[in-house]
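Let me begin by presenting the structure, written as structure tokens, before commenting on it.
The values are calculated or read from the model by the stated rules, or taken from the named source; none is laboratory data. Remember, predicted model here, so these are calculated numbers, not experimental data. So basically every Cβ, Gly included, is an ideal-geometry build from the backbone, and we count neighbours across all protein chains shown. The area values use the complete protein model at the heavy-atom level, side chains included, leaving out ligands, DNA and RNA. Shrake-Rupley method; radii C 1.70, N 1.55, O 1.52, S 1.80 Å.
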Amino acid sequence: MIDPTALRRALGNFATGVTIITTRGRTGAPVGLTANSFNSVSLNPPLVLWSLANSALSLADFKVAEYWAVHVLTADQTELSSRFARRGGDKFHALDIEVGLGDVPLLTGCAARFQCRTVSRHEGGDHVIFIGEVLAFDSSGSAPLVFHGGRYAHATPRDLVDRKPRTGHLAGSFSDEFLGYLLGRSHFCFFSQLRPCLEQAQLDDMMFYVLSTLTLRPRWASEDLAEGVPGVLNERRMQALEALIDRGLACAEGPGSEYALTPAGRDLALSLIATAKSIESQVLDELGHSDAVVLKSMLNRLLQIVDRRSGQLPWPDEAPTNGTSG
Ligand SMILES: Cc1cc2nc3c(=O)[nH]c(=O)nc-3n(C[C@H](O)[C@H](O)[C@H](O)COP(=O)(O)O)c2cc1C
């Protein structure tokens, strides 16, 4: 006997895109749902399919619909996907809608759209399979949303990711794959265009780190600043802060010693941040929107791990045992 829950989990190993299928309902209201059962069937004639649960509220409308449209969602359309995965209700409220063939409501900003006419419907267990002929389509080529293991995921082209940087002599060495090296080298090279500006302003990396963090709030208590500049020893952070105060770029205020930028410090910080942002946009343009989103979300995930561990030396798992404790 097949366990449906286990089967669903096993099927989840098959990564898919995510679509929203829309049609015009029997009352004239727009109807739609999120579906990942979409697939191509044939190029000539151009046919596609998807399947709809017998329990879906929209089934009665799709069963009589002559036209429907498939919208392939982009990586940043997870909210839209969740909205159309809800049962019933006005899923189209306040959305930008275009009108397609057969008066079918069309969503905008998708990776691709296929406007279809129903060719056939087939009973398929607890689902109905719809086969449609593609009458019109458009595609933006935007990065697609992926569904895998019951969760949304990102797609990243492997040929680009697997390409190694130009350091033949490192091939196969410890540095080649070492995360610390990759992060350190990326950081160093990323800021290479900014470094001359820092040098001109007589700031080292740590002073810039503290200076740019101070822009985030009008005033910082010392312990909050420790959280704002994580992963840095207290002593180094305070040295950088004191150097900024000596230079007239920051000041200590009030009896509880709160720290703030001076107007000169704020001006300098904002101009350096603008330069850093322009370096970022050049790099991200080359990386592409989708990979930039993936990279930033992975780095944020990494930060959650290393931030939690920083300041706890030795790290809990590696704490040396003296052989006497149980
Ligand atoms: C990523 C994802 C994929 C889905 N794929 C399908 C599908 O292919 N067929 C289906 O019937 N329901 C699918 N669903 C569930 C429907 O979107 C959900 O049951 C929805 O409430 C149906 O809307 P309705 O009851 O208003 O018709 C999927 C949901 C998600 C989040």
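Annotations for the structure displayed:
- Qualifying residue in the range 270-278 (condition: open to solvent by 30 Å² or more (accessible area, probe 1.4 Å), over 30 Å from ALA155 (Cβ atoms), assigned to a helix (DSSP H, G or I) and among the hydroxyl-bearing types (Ser, Thr, Tyr)): yes
- Checklist (1) exposed (fewer than 12 other Cβ atoms within 10 Å of the Cβ); (2) not in a strand (DSSP E or B) applied to SER40, failing item: (2)
- Of all residues in the range 110-126, those satisfying the criterion of being open to solvent by less than 60 Å² (accessible area, probe 1.4 Å) and either in a loop (DSSP other than H, G, I, E, B) or not assigned by TED's automatic domain parsing to the domain that holds TYR67 (or both) are CYS110, ALA111.
- Unmet requirement for ASP90, which otherwise passes all of (1) farther than 22 Å from TYR152 by Cα; (2) within 15 Å of the ligand (Cβ to nearest atom); (3) surrounded by 12 or more Cβ atoms within 10 Å (Cβ to Cβ): (3)
- Per the conditions (1) within 12 Å of the ligand (Cβ to nearest atom); (2) open to solvent by less than 30 Å² (accessible area, probe 1.4 Å), the sole criterion not satisfied by LEU106 is (1).
- The condition of being assigned by TED's automatic domain parsing to the domain that holds GLY149, in contact with a Leu (Cβ under 9 Å, 6 or more places away or on another chain) and at positive phi holds for only one of GLY17, GLY100, GLY88, that being GLY88.
- One residue stands out among those in the range 39-84 that are of a type in the set (Asp, Glu) and closer than 30 Å to VAL293 by Cβ: the one that is farthest from the ligand (Cβ to nearest atom), which is ASP76.
- Candidates in the range 43-68 are the residues that are of a type in the set (A, V, I, L, M, F, W, C) and either at positive phi or assigned to a loop (DSSP other than H, G, I, E, B) (or both); of these, the one that is least open to solvent (accessible area, probe 1.4 Å) is ALA65.
- Given (1) open to solvent by 70 Å² or more (accessible area, probe 1.4 Å); (2) under 24 Å from LEU182 (Cβ atoms), index of the condition ARG266 fails: (2)
- Total residues in the range 195-243, condition open to solvent by 90 Å² or more (accessible area, probe 1.4 Å) and either under 22 Å from ARG308 (Cβ atoms) or of a type in the set (Asp, Glu) (or both): 9
- Only one of the numbered conditions (1) surrounded by fewer than 15 Cβ atoms within 10 Å (Cβ to Cβ); (2) within 12 Å of the ligand (Cβ to nearest atom) is not met by ILE20, and that is (1).
- Filter pass, ALA264 being in a helix (DSSP H, G or I) and at pLDDT 90 or above: yes
- Reported count of residues in the range 48-82, each being free of Cβ contacts under 8 Å to residues at least 40 places away in the same chain and more than 17 Å from THR118 (Cα to Cα), is 3.
- Members of the range 23-37 found to be more than 8 Å from the ligand (Cβ to nearest atom), open to solvent by 60 Å² or more (accessible area, probe 1.4 Å) and out of contact with any helix residue (DSSP H, G or I) (no Cβ under 8 Å at 6 or more places or on another chain), listed by number: THR27
- Within the range 210-240, the set of residues being in a loop (DSSP other than H, G, I, E, B) and either without any contact (Cβ under 8 Å) to a residue 40 or more places away in the chain or more than 19 Å from THR262 (Cβ to Cβ) (or both) comprises LEU216, ARG217, VAL229, PRO230, GLY231, VAL232, LEU233.
- Whichever residue in the range 127-155 is within 17 Å of the chain's Cα centre (by Cα) and buried (at least 18 other Cβ atoms within 10 Å of the Cβ) and, among such residues, is nearest to the ligand (Cβ to nearest atom): PHE147
- Pairs are defined by a Cβ separation below 8 Å, a sequence spacing of at least 6 or placement on different chains, a first member in the range 265-294 that is free of Cβ contacts under 8 Å to residues at least 40 places away in the same chain and farther than 23 Å from THR213 by Cβ, and a second member that is assigned to a helix (DSSP H, G or I) and open to solvent by 60 Å² or more (accessible area, probe 1.4 Å); the pairs so defined are LEU287/LEU295.
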